[in-house]
Structure formats: C-alpha cells, structure tokens
Ligand code: SDX
C-alpha cells in the first residue's frame, strides 16, 4: 500500500508519495512540489531533509547507533581492520579471506605517489597548515592520474577509488614530513596499511623504525571509527561536487576543504586547543559558565552533534582507545585527559547540556589520543581525512552509479531588492 502525504498551500492541495527505507525515518518525496504549487521547501541546515537514497551507513541519533552496511561500528572496530571496512563500504559486503588478500594487495601496490608530486610540496611554506597542503595535493592528483578521471568508465572509477584510498596516507605522511622538515619516507609493501602510514610519518633515514603494534592497532581502529558517517557536511560536499561530473580527485579535495571547519572535522584540533585553554580541572566551572553565556559564543568543542542526541557510539570506543594508547605510551596522568573526563562528567550532569542533548562526539577524545601518539595538533584533521576518504569515495561511487542521479541545484528564498532601474553615478 503506497503511503502519501497531503500538502495544502493557499488554494492548492497536493498528495506527495511517502517512501520507506529498510530502517529509519520515512521520506516525503517533494520533487513535484514546485511544479504543482510554485513553492519551495525551506530547510537551510537540512535539519529535516534527506538529500539522497543510500545503502552505505545508517545512524540512529536517539539510540546512538552507527551501522556500516548494516554492521555495528563496535563489532567492526573491535574484530576487523580498516581495509576490511574499506572493502565493506566500497563493495557492500565483508570480504572473504581471498577477497581481503586481493584487496590488501591492490591497495598496498597503489601506495606510492608520482615522484613529481614530491616537488609539488616545495611550493608550500614549511609552516603551512597541513590541511591546506592536503587540499592542494589531493586536488593535484587530477594533474597526475588523468587515466582515472573518466567517471563514466567503471574501471577508471575503481582505479581512482583504489588510488585515493591507497595514496591518501602517503600524501598525509609527506605533508607531516614536509611540515617538520624531515625527508619523505617511501611506503613499504611488506607492512599493513596503518603500520605503513606510521612508518612513513615517523621513520628517519638514520635508523630502522619499528612500528609499535599496539599503536598501529589503535590508529587502525580510529580510522574505522572515522570511515563514513551518512550525509555529513563533507560527504554532502563530495556528492554535490560529484553531481556536476567533476573528477573524483577534485571531489575528495572539496570534501577535505569542508572537513577542515571547526564545526566538523576541525573539531578534534579545536577540542584539544580547548582542553589546553582550560588547563586544569579547577578552571572547568569558569569555562562552563562562558559556554552558557550566549554573548560569549564559546562552544564545548567535541560536544554535540546534529544527529546524535545521545552518546556518539564512536566516542565510547575512542575513550577506550585513548586509555589503551596512554597506557602503552606510559603516560600515567595526562592533565588534558583529567580535564576531558571531568569536563564530560560535569557536562553530562548539567541541565544546560542535558536539555540540549549535548554529549561527547567522536572528536572529544580523539585529540588526546592522537597527541599521545606523537601527532602535532595540526595533523589531527588530516588523520580524519585519511580515514574518511573511503567513505567519501564510496558515497561518490554510489551516486555516480545511480542512473537517476542529476546535478544538485538547490533554490532559495530571495529576500533581496526587487527589480529596479540603473541610476547613473551623477544621480546617486
Ligand atoms: C563531526 O555530521 C556528522 O556526522 C559530523 C561527524 C562526522 O563523522 O562526519 O560526526 C563529525 O563533525 C562531529 C561534530 C564536531 N563538531 C564539534 O564538536 C563542534 C562543537 N559542536 C557544535 O558546534 C554543534 O554541536 C554541531 C555543529 C556539531 C551541531 O550543531 P547543530 O545540530 O546545528 O546544533 P545547534 O548549533 O543548532 O545547537 C543547538 C543548541 C544551541 O543552543 P540554543 O541556541 O538552543 O540555546 O545547542 C547548543 C547551541 O548553542 N550547542 C552547544 C554545542 N553544540 C550545540 N553549546 C555548547 N557547546 C556545543 N558544542
């Protein structure tokens, strides 16, 4: 039985079809609203708008549920590895042992970048923000990999997807090395994805670098937690850029640019800066007062979420990983962690945050963890981008392979000047 919603505007009444997904809220298909009523819907932050149909990631914000292709995030993070999650997001199924071996082999053998990309870095200041460098370098991949930019060719789409998943850690590590003034380190094919990335970041020519397996496992899990998240701002940016037919390298560069914002992926960097600004546990009450003072515009970075109005399931796993990493690094009492845990305790018991349903999100504990791993704060969002690239490319691929997709072109509520005639400057 098809469901419908009746809409009345002025003297017009129209029925619009209501569609149900496999789980989650129904949608009202308003595609014919403008042609039948002359009115648009208005939803600037997309608070009540589904922009697409997708089968990749499902979030239930009230229940604190996150599923990648139906699998709960905690099971994937605790039992699988990041490349297995990449295969799942891209192809829709967990790989068999043979498929996993093949997928790992193919990704591993795409990790090197064109040698001339190394020269590309020379144009940046050493102290450039790593996200600025990443936006430039990932966009520049379109200048080096022309043979995988034809989005109408399934083979080229797959090659571009594998190149992006494989090369983003190499470019991220090169960005870090350039920032700290150390020589670039080539990937090694006998290392797993995340161990390879850690070695490219921290190895130096003067001595052999031994990957710490506990840290590699923790970072691999952090990549899984950040891999995809439905139609968030950066994924929506990638989809909109891709809807014009732009090549996948340009679309991912657009996603990186959007992720950089402090309200989005930049929150992990901002959350750590906030913890540093608070400094000690006894400064928390004064900071909380600033957050509550509307004129102050201070926000609790790493708290709140557009969708999660309950605990972000990733934050729970991030906190667990944080403790593991601190223990492994021998960091007994990190004052930032003390501040973070006390801040969380206070916020979760404070009416202001409770009534606004503000809970820690994935960014609240990731900063402390990444700092303990030795990454500078400016690299935190780069690491988020490394992980999210597979989600962006899986969502881009899903859109391009949907025969009904069309260029995204929203309309507006116009509140500017009505038509008026030009006035010569002598008469102004
Ligand atoms: C990510 O979308 C995704 O899925 C993103 C992400 C992903 O994986 O892709 O999950 C990753 O971006 C996580 C979010 C990281 N951002 C931050 O941690 C920055 C701090 N958080 C916020 O700025 C905010 O919570 C947002 C942007 C995340 C969500 O904001 P909304 O849904 O637009 O909510 P809002 O701004 O309308 O706020 C509602 C109320 C307001 O108070 P009132 O005006 O009703 O009195 O809650 C307050 C806000 O002032 N509020 C906060 C707050 N977040 C919201 N108050 C203090 N601190 C905060 N962090």
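Bear in mind these aren't lab numbers, they're just calculated from the coordinates by the rules spelled out. Not measured: the values here are computed from a predicted model. Counting neighbours? That spans all protein chains shown, and the Cβs are built from the backbone with ideal geometry, glycine included.
Here are the numbers for the structure shown:
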item	result
20 Å-binned pair-distance histogram of the chain (Cα, whole percent)	24, 53, 21, 2
Cα gyration tensor category, rounded, prolate or oblate, for segment 301-416 with a/c compared to 1.5	oblate
Label-point separation, residue 79 to residue 338 (7 Å along Cα→Cβ), nm	4.0
Separation in nanometres of the label points that stand 7 Å from Cα toward Cβ, at residue 184 and residue 428	5.0
Segment residue 209-residue 119, length gained on full extension (0.36 nm per residue, minus Cα span)	29.9 nm
Pairwise centroid distance, computed over Cα atoms, of segment 169-214 with segment 289-317, Å	34
Peptide ranges 283-291, 154-162 listed from the most packed, as the mean C-beta count within 10 angstrom indicates	154-162, 283-291
Footprinting exposure proxy for 308, 365 (fewest neighbouring C-beta atoms within 10 Å first)	308, 365
Whole-Å distance, taken between Cα centres, linking segment 348-379 and segment 28-101	23
Stretchable slack from residue 155 to residue 40, in nm (0.36 nm times residue separation minus alpha-carbon distance)	37.5 nm
Segment 1-112: C-alpha gyration tensor shape, a/c 1.5 cut-off, then a/b vs b/c	prolate
Computed over segment 189-308: relative contact order in percent, which uses C-alpha pairs under 8 Å that are six or more apart	14
Prolate/oblate/rounded call for segment 234-366, Cα gyration tensor, a/c under 1.5 rounded	prolate
Overall Cα dimensions of segment 182-268 - principal axes, largest extent first, Å	47, 24, 23
q = 0.18, 0.27 Å⁻¹, segment 91-147: log10 I(q)/I(0) [Debye, one scatterer per Cα]	-0.76, -1.07
